[in-house]
1. Once you place label points 7 Å from the Cα toward the Cβ at Y105 and T353, how far apart are they in nm?
2. Placing +1 at every Lys and Arg Cβ and -1 at every Asp and Glu Cβ, with all other atoms neutral, what dipole size does the chain have around its Cα centre, in debye to the nearest 20?
3. May I ask you to derive the FRET efficiency for L47 and K170 from their Cβ-Cβ distance with R0 = 25 Å, giving the value to the nearest 0.05?
4. Of the options V324, V264, W44, report the single residue whose Cα projects farthest towards the positive end of the charge dipole of the chain (beta-carbon charges: Lys, Arg +1; Asp, Glu -1).
5. Which three numbers, in whole Å and largest first, are the semi-axes of the equivalent ellipsoid of segment 265-369 derived from its Cα gyration tensor as √(5λ)?
6. Any idea what the dipole of segment 170-289 comes to, in debye rounded to 20, about its Cα centre with Lys/Arg Cβ at +1 and Asp/Glu Cβ at -1?
7. Multiply the residue separation of F231 and T267 by 0.36 nm, subtract the distance between their alpha-carbon atoms, and state the gained length in nm to one decimal.
8. What residue among T114, Y190, I307 has its Cα farthest toward the positive end of the dipole of segment 43-368, where the charges are +1 on Lys, Arg and -1 on Asp, Glu, each on the Cβ?
Amino acid sequence: MNNNSPRFPPRYNSTYRTTGPPPPTFSMASPIIFSNRSEHFSIWIVLRSVQLTLSTAYSSLFNRDFYTYNNVYLFVKYLKLSVLLFVLLKGPIFFTKLIIGVVNYIGLVRLNATRVMDSFEYFFKYYLNFNYFLLALYSFFDKDGEQLFMCQLRHQDDIHSTCYSENYSKLPSHRVEHEQDWFSTYKNLYNFSREFRLFIKRYTNVYVLNITMFISINFLPEKISSTVLGFIAFQTFLDKLGTVVSILLVTILQMMDVHYTIRVLTTFYGAWNLAEDFLIPYFDRVQFTPLERKQWLNTRIGVIFGIGLCYYIAILEIPLISAVLYSNAIFNMGFLITTFTTEMPDNLKDMATWSITESVWDGHTEFLE
């Protein structure tokens, strides 16, 4: 691997079943050597998911039924939030640039300002991008996101004569009401919301992984860092692409600049993490057991990854409207969720049986049609 480039290259059933905090579902593959390609993760499934996500986002922009007073109000609200986050996250970079410029101008220290700032921006864009974390964190304190999800879900019910929204609304919500102070609200969320605990664990895992890659590249000998990154990449894709394709992919990445390995790994984990964020409104009410939830995600991994990939890249490249893009993803998930799930029963007593069968999805052939 070329490491001579700059340091930073340019529930369901909470009533019927009680379980402790589930193990984190966001983790790298086990350290195995041989594996077959997953039938749930293929280039065709991912491409179909990307195509469906883009077409849904495009069509929703030109659907007059969605231009209600409330939706326009929410658009303005999320646009303001986008600008606020942009200033909050880009402000430190701007002031750092200003300080470096002043220091260079008065001659106190001679720094390569361009190189320093490129490194600084690269670190906070790829290794430690807080934009996604803050957007998902805000969604736990914002009920409007679920309203957008329900708006699209009701629209699909009207078109296809289904009962997704009606049956979904019957399920109890596990959201926590706001307390007088943020600390009490956070404490209640962590204690009573399984999705919030999983959210914290997922982002902790992804940031630890990113920092591990950063330390490996910048503080370890080239051969060791190359081995570490190769191992991470191999274990990441082994159970999805199979042994042969994973070896080929890692070999190609090893021959390229280290920047591409970082981009591939951070994009994969970032997109998957973001896709799980978009499913929070669904999992907040449909409380699968930890095992059922894991199976539900594993059998839909290609579809969900394609959705997350579209919005991950969009938010990464257009951070000025990040909250608008995030809210649009939650909104369109109201349609997308109907393409890879079945209607939940209207009787809560049947949910235990339904959740078992729903956790395993075999509709990939129909999805590709």
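1. Here the modelled spin labels are 7.5 nm apart.
2. Value, rounded to 20: 1080 debye.
3. After rounding to 0.05, the efficiency reads 0.10.
4. The residue sitting farthest along the positive end of the dipole is V264.
5. Whole-Å semi-axes of the equivalent ellipsoid: 26, 15, 13.
6. The calculated dipole for segment 170-289 is roughly 240 debye.
7. 11.3 nm
8. In segment 43-368, that residue is T114.
Where a number appears in this text, it was derived from the coordinates with a stated rule and is not lab data. What you are looking at is a predicted structure, and each value in this text was computed from that prediction instead of being measured. FYI the Cβ positions are ideal-geometry reconstructions off the backbone, even for glycines, and counts take in every protein chain you see.
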